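The values are calculated or read from the model by the stated rules, or taken from the named source; none is laboratory data. Keep in mind that what you see is a predicted model, and the values were worked out from it rather than measured. Ideal geometry is used to build each Cβ from the backbone, glycine not excepted, and the neighbour counts take in all protein chains shown. What goes into the accessible areas is simple: the full protein's heavy atoms, side chains included, and nothing from ligands, DNA or RNA. Shrake-Rupley method; radii C 1.70, N 1.55, O 1.52, S 1.80 Å.
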Amino acid sequence: MKLKMMYSFLNSDISLIEKKLEETIKSESILLQQASLHTLQAGGKRIRPVFVLLAGKFGTYDINVMKNVAVALELIHMASLVHDDVIDDADLRRGQPTVKAKWDNKTAMYTGDFVFALALELMTNIKHPLAHKILANAIVEVSVGEIQQFKDKYRFNQNLRDYLRRIKRKTALLIAVSCQLGAVAADVEEAIHKKLYRFGYYVGMSYQIIDDILDFTGTEKELGKPAGGDLLQGNITAPALFAMENEAARKEIEKVHANSSKADIERIISLIKQTGAIEKSLALSDLYLEKALSILEELPANKASKALRDIARNIGRRKF
């Protein structure tokens, strides 16, 4: 079953979210609007807005309230991608030129700031102080995570705990907060919104680990960027960490630098696959996925919980 079919009962509300996204990024500055629209039209699964809406189904669901949270979370995600592409000097994302590639670094940084500010403006429509505290804390943690990722580049002596802490801040936290804020905006009781946070965290961890696996197993066409790009940029992910348990593989991986050739990266990808690192990484993803599914057993059974279960399983099996 395709991902969108799993939450097809939200189709009309998802359409409203898309319209709201386009409306929100309108600006008096033509350049800011064009750069923001370029990022928006590059696509994406919109998984964070979907989690916001599904979490809201556990409480008093009002799309006029929920859309503010859903759009805000997607805009924060978009802003982080624009900034990431500057830090990583990335020319492609989802097969399209990045903002920094199409324009320049300064335009990209200001576009990211602009989109981020729009998200905060939307959140002022949410009258729950707790929602703002949750979001502020998450943004602080994401920022810390971005700095740590930069510091960890080409640091080959890091361990699995370093990696897990980094991806929590990089990806899992914003997905967890999407689930929790959707519930808080719908006046869901504390015990439920905290469980939804934990579900989102576990799903987010599984999602990022799969993403890191696909960087080694996917094609450039599927990924929208060259395979092995993470390693080339110095980001040491689960497959590389597991592969480095093999001494011969470690010696080769530690030779990687920013100017490594495509042939060298392809050779190292092949070597990593031979060590069993992909299988170990998949097992790690499955561990988090099972934790996510177990949390759902503690939540009320409804159409939303079924959709969350289906989405979680889809994430664990995705190929790109």
Check your understanding: Within segment 60-100, which residues are farther than 24 Å from Gly145 by Cβ, of a type outside the set (Ser, Thr, Tyr) and open to solvent by less than 70 Å² (accessible area, probe 1.4 Å)?
Key -> Asp62, Ile63, Val65, Met66, Lys67, Asn68, Gly95, Pro97
Revision key, fill the gap. Note on segment 1-18: residues closer than 22 Å to Val65 by Cβ and open to solvent by less than 20 Å² (accessible area, probe 1.4 Å) are Tyr7, Leu10, Ile17
Exercise for review: Among what's in segment 218-228 and is surrounded by fewer than 19 Cβ atoms within 10 Å (Cβ to Cβ) and either assigned to a helix (DSSP H, G or I) or small (Gly, Ala, Ser) (or both), pick the residue that is modelled with the lowest pLDDT.
Suggested key: Gly224
Revision key, fill the gap. Scanning segment 44-59 residue by residue, those modelled with pLDDT of 95 or more and among the β-branched types (Val, Ile, Thr) turn out to be Val50, Val52
**Study point:** Matching residues in segment 182-215 - criterion: being in a helix (DSSP H, G or I) and more than 18 Å from the chain's Cα centre (by Cα)
**Key:** Ala183, Val184, Ala185, Glu190, Ala191, Ile192, His193, Lys194, Lys195
Check your understanding: Mind checking which pairs have a first residue in segment 170-182 that is on the phi < 0 side of the Ramachandran plot and a second that is modelled with pLDDT under 95 and small (Gly, Ala, Ser), Cβ under 6 Å, 6 or more apart or different chains?
Key -> Lys170/Gly145; Leu173/Ala138; Val177/Ala138
Revision key, fill the gap. All-but-one check, Asn314 against (1) touching a helix residue (DSSP H, G or I) at 6+ places or on another chain (Cβ under 7 Å); (2) more than 17 Å from Ser206 (Cβ to Cβ); (3) surrounded by fewer than 18 Cβ atoms within 10 Å (Cβ to Cβ), failing number (2)
Practice item. Inspect all residues belonging to segment 105-112 and state whether any of them is in contact with a Lys or Arg (Cβ under 7 Å, 6 or more places away or on another chain), among the aliphatic types (A, V, I, L, M) and either open to solvent by less than 30 Å² (accessible area, probe 1.4 Å) or modelled with pLDDT of 90 or more (or both). Key: yes
Check your understanding: Say we look at segment 247-295 and pick out the residues that are part of a loop (DSSP other than H, G, I, E, B), of a type outside the set (Ser, Thr, Tyr) and open to solvent by less than 70 Å² (accessible area, probe 1.4 Å); which of these is modelled with the lowest pLDDT?
Key -> Ala258
Review point. Of everything in segment 117-142 that's under 19 Å from Ser80 (Cα atoms) and open to solvent by 60 Å² or more (accessible area, probe 1.4 Å), which residue is nearest to the chain's Cα centre (by Cα)?
Key: Glu141
